[in-house]
Amino acid sequence: MSFPIRHRLEYWSARVLAALVRLLPLRLGWALGAILGQLAFSIVRVRRRVTMENLHHAFSESRSHRELTKIGARCYRNLGRGLVEFCRFPSLTRRNLSRILEIEGLEHCTRGLAQGKGVIILSGHFGAWELLSPAFGLLVSRHRRQVGIAIHRIGHTPWGVVRSLRRNRLVIILADQDGGRDGIFIPFLGRLASTARGAARFAMETGATVLMSFVVRQPGNRHRLIIHPAMEIPRSCNREEDLFEILKTYTQCLETYVRIYPEQWFWPHRRWKSRPPADDPAAPT
């Protein structure tokens with residue numbers, strides 16, 4: 001299979017940029033990422049418009065346009081820092097990761113893995129989300145002898161997720177993107193947002209432990225990985241209501257983080273793109 005020359009140039013340009021970023025001291029790389037993010041906020045007008053529309057819908061009653069613009073700019077600077085962190089993954093070691101990462105709630109992960117049915121990590125495009133995989137990889141390597149598992153980042157195949165959970169592995173799901181017409185509409189930041197059913201279905205059908213977890217950016221380019229206690233999975237006679245309750249619990253948790261740290265969520269995404277049919281209920285009653 002051949003690729004257009006433009007795609008090859010983009011690919012190799014990205015590879016070269018990533019290699020150059022890895023050569024920089026970490027603090028200098030973060031500063032460069034923040035500058036690139038600020039430039040993107042100023043130049044990429046389409047995504048800036050989406051960002052500002054989303055922010056106004058979520059916070060217009062409590063924040064001025066000027067405040068929201070500052071939040072949008074900080075969001076992009078954080079995205080730039082995240083890009084630098086992603087580029088540095090190949091050179092990331094347990095030692096330098098533990099220097100910038102504080103972990104809270106590790107016992108919930110250990111307890112879940114001890115059940116032997118795998119653990120679903122429900123998270124979102126929040127904070128330093130790209131650090132989720134290496135962070136949990138660090139946790140796994142620390143406790144490999146006790147629980148005998150390995151980290152697995154999910155792809156797009158449901159069977160791959162199920163197989164990983166059956167092998168008592170960690171599966172990370174970022175569940176905060178638009179779920180399309182087939183999603184379940186959950187209240188999020190004052191509007192109904194279509195949310196994909198997959199994470200809730202895996203939780204109900206596999207018996208895996210479900211933990212909500214987020215990596216919060218801290219001052220000084222440090223991070224705090226917060227792991228919440230295991231979610232209670234409802235098992236009533238109404239499957240659709242159970243799916244709704246699982247996704248509502250997750251969405252409410254995410255919203256709490258977004259309201260506290262609004263600059264750390266991925267506002268350029270069209271989260272509310274899909275709309276519920278006017279003649280259908282938004283959720284089970």
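Pick from the range 43-62 the residues that are over 22 Å from the mean Cα position of the chain (by Cα) and more than 20 Å from residue 193 (Cβ to Cβ): which of them is surrounded by the most Cβ atoms within 10 Å (Cβ to Cβ)?
Checking each candidate, the answer is 44.
Kindly indicate the residue of the range 137-173 that is assigned to a loop (DSSP other than H, G, I, E, B) and modelled with pLDDT of 60 or more and also farthest from residue 251 (Cα to Cα) among those meeting that condition.
Pass one, the range 137-173, residues assigned to a loop (DSSP other than H, G, I, E, B): 148-150, 154-157, 167-169.
Checking the rest, the ones that are also modelled with pLDDT of 60 or more come to 157, 167-169.
Numbers: 157: 23, 167: 28, 168: 25, 169: 24 Å.
Checked the range 137-173; the qualifying residue farthest from residue 251 (Cα to Cα) is 167.
For the range 63-89, which positions are more than 22 Å from the chain's Cα centre (by Cα) and of a type in the set (Gly, Ala, Ser)?
Once the filter is applied, which keeps residues that are more than 22 Å from the chain's Cα centre (by Cα) and of a type in the set (Gly, Ala, Ser), the range 63-89 yields only 64.
Let me spell it out: the conditions are (1) more than 14 Å from residue 136 (Cβ to Cβ); (2) surrounded by 15 or more Cβ atoms within 10 Å (Cβ to Cβ); (3) at pLDDT 95 or above, and residue 211 meets all of them except one. Which number is the exception?
Every condition holds for residue 211 apart from (1).
Only one of 227, 246, 233 is closer than 19 Å to residue 109 by Cα, touching a helix residue (DSSP H, G or I) at 6+ places or on another chain (Cβ under 8 Å), buried (at least 16 other Cβ atoms within 10 Å of the Cβ) and without any contact (Cβ under 8 Å) to a residue 40 or more places away in the chain; which?
233
Of the conditions (1) buried (at least 18 other Cβ atoms within 10 Å of the Cβ); (2) within 18 Å of the chain's Cα centre (by Cα); (3) not β-branched (Val, Ile, Thr), residue 104 satisfies every one except a single condition; which number is it?
For residue 104, the failing item is (1).
The values are calculated or read from the model by the stated rules, or taken from the named source; none is laboratory data. Small disclaimer: the values here were computed from a predicted structure and weren't measured. A quick note on method: Cβ atoms are made from the backbone with ideal geometry, for glycine too, and the neighbour counts reach across all protein chains shown.
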